[in-house]
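All remarks here apply to the structure that follows.
The values are calculated or read from the model by the stated rules, or taken from the named source; none is laboratory data. All figures in this text were calculated on a predicted structure; none of them were measured in a lab. Here the Cβ positions follow ideal geometry from the backbone for every residue, glycine too, while neighbour counts run over all protein chains shown. Surface areas here come from the heavy atoms of the whole protein model, side chains and all, with no ligands, DNA or RNA. Shrake-Rupley method; radii C 1.70, N 1.55, O 1.52, S 1.80 Å.
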Amino acid sequence: MVTLIHTLADHSDDVNYCAFSSSCLATCSLDKTIRVYSLNNFTELPYSPLKGHTYAVHCCCFSPSGRVLASCSTDGTTVVWDAGDGRMLAVLEQPSGSPVRVCQFSPDSTYLVSGAADGSVVLWNTQSLRLYRSGNVKDGSLVACAFSPDGHFFVTGSSCGDLTVWDDKMRCLCNEKAHDLGVTCCDISSQPISDGEHGCRYFQMASCGQDNQVKLWLIPFADFLGAELKYKCTLNGHCAPVLACAFSYDGQMLVSGSVDKCVIIYETSTGSTLHTLSQHTRYVTTCAFAPCSPLLATGSMDKTVNIWQFDLEQPRAGNTAESEAKVSVEGWSEDDVSAWLCAQDLADFVGLFKSNNIDGKELLNLTKESLANELKIESLGLRSKVLQKIEELRMKMEPGSGAAPDEFLCPITRELMKDPVIA
């Protein structure tokens, strides 16, 4: 299970990004500041907040060692800070002067990438703190970036929907149209996976976008004279644009945050939803797993950062009645549906549902007609009981459980409309 253990409410404007080191959590905001907290008791460090930017801070990240912190801003700079005492070590100005939307360190701390609104990508040498290489994406603003675990390549995402793979010499290895309405975030799992059949090894990547989707990709191990993005699957748990995604340190979980105000935690291997968290009151803009402890941070336009703690054992979809409310039923397998039937005292229908290949998505689409005509459930009372239980599941899936119907919510802010006008 996941438990909310702390809420940070020190920022005076939208929280844009959060990042963990082994001992600290950093958050940044439209209020132009970066705040740094100790993971021991979530108290703010003495030098926090960091005030060096003149406009909104869009992204922050720790170097792998945790000794250095980088932040980037609308002011066109990426600032490098000493994470021990908060000293400003360098101000790296984007050559074009364009607002910088994202920054990331390479796994060996050799390079720092900064990506800007004009599509420029800069690779900085972290030893000399000087520009090493630069390039540009074809169209749109650069809004997302992630390094491979071995540091041989990195991936950028743009507002026009492209994912681009670059090597460490800033050569473009691959370009893929990923999200029709624009990419918003991407992350690469630190744990490679194998296909099990041919012994091929892959890096696994997640991307999310304005199309409400989270997509999983496989990048084969290669000599990196070329590269390939292989589409794996799409996760459709959100009902509004997805703004953030991140893998857990062991690669077994993936978290996403959305305009629908929800945070969804998936099991990476199956794509099943483990938890849906709906405590934020505005868009969820960022999420991050801690590298050395069972913690998750989620940040929002409600100006808060929530800290969540995981139990060591994660519940599987459909295992208990208690987990139902947190699980996206659409991701259930046939076995999960069978377990749910047993928990509802409907075990007599397990064989019938399995023989008709009823998974989570099919379960939610069942009607009284399909129960009677296709599944041949003759008893009116039993049909009514099944439909009642399915309706309870639908209610639990809705953000806020029992909230207003979707058509009553503003499609942009996802808040209840008080005086709607149809144009």
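Here are the numbers for the structure shown:
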read-out: Area accessible to solvent at H152, 1.4 Å probe radius, in Å²; value: 90
read-out: Positive-pole candidate from T110, V337, P411, dipole of the chain, charges at beta carbon; value: T110
read-out: Proximal lysines relative to K303, as straight alpha-carbon distance under 20 Å, when same-chain residues fewer than 8 apart are discounted; value: K32, K51, K261
read-out: Anisotropy class of the stretch 1-118 from Cα gyration tensor, a/c 1.5 cut; value: prolate
read-out: Mean-position separation - Cα centroids, the stretch 260-281 and the stretch 1-59, in angstrom; value: 22
read-out: Over the stretch 2-310, relative contact order from alpha-carbon pairs under 8 Å, at least 6 apart, %; value: 14
read-out: Shape of the stretch 198-290, Cα gyration tensor, a/c cut at 1.5; value: prolate
read-out: Aspartates and glutamates whose Cα lies under 16 Å from that of K385, excluding same-chain neighbours fewer than 8 positions away; value: D345, D348, E369
read-out: Prolate/oblate/rounded call for the stretch 97-208, Cα gyration tensor, a/c under 1.5 rounded; value: oblate
read-out: Farthest toward positive dipole pole in the stretch 2-310 [+1 Lys/Arg, -1 Asp/Glu at C-beta], among A90, Y17, S148; value: A90
read-out: Accessible surface of D348 - all protein chains present, 1.4 Å probe, nearest 10 Å²; value: 150
read-out: Accessible surface, per residue, of the chain when the full set of protein chains is kept, probe 1.4 Å, Å²; value: 44
read-out: Loop-exposed GluC sites (Glu not before Pro) per DSSP, neighbour cap 14 Cβ within 10 angstrom, longest uninterrupted part of the chain; value: 1-196
read-out: Virtual spin-label span in nm between A372 and D108, 7 Å along Cα→Cβ; value: 7.0
read-out: Solvent-accessible surface (1.4 angstrom probe) belonging to C172, in square angstrom, nearest 10; value: 80
read-out: C-alpha long axis of helix 334-343 to longest principal axis of the chain, angle in °; value: 60
read-out: Acute angle (nearest 10 degrees) that the helix 380-397 long axis makes with the longest principal axis of the chain, alpha-carbon atoms; value: 10
read-out: Full-extension gain in nm, K138 to E392, via 0.36 nm per residue minus C-alpha separation; value: 86.7 nm
read-out: Local electrostatic count, S106, Cβ distance below 14 Å [Lys/Arg +1, Asp/Glu -1]; value: -2
read-out: Residue-count net charge about D10 - beta-carbon cut-off 9 Å; Lys, Arg +1, Asp, Glu -1; value: +1
read-out: Cα→Cβ-extended label distance, 7 Å offset, between S384 and N41, nm; value: 5.9
read-out: Gain upon complete extension [C292, K177; 0.36 nm per residue less C-alpha separation]; value: 38.0 nm
read-out: 20 Å Cα-Cα threshold exceeded, pairs from K368/K389; K177/K230; K215/K389; K230/K354; value: K215/K389; K230/K354
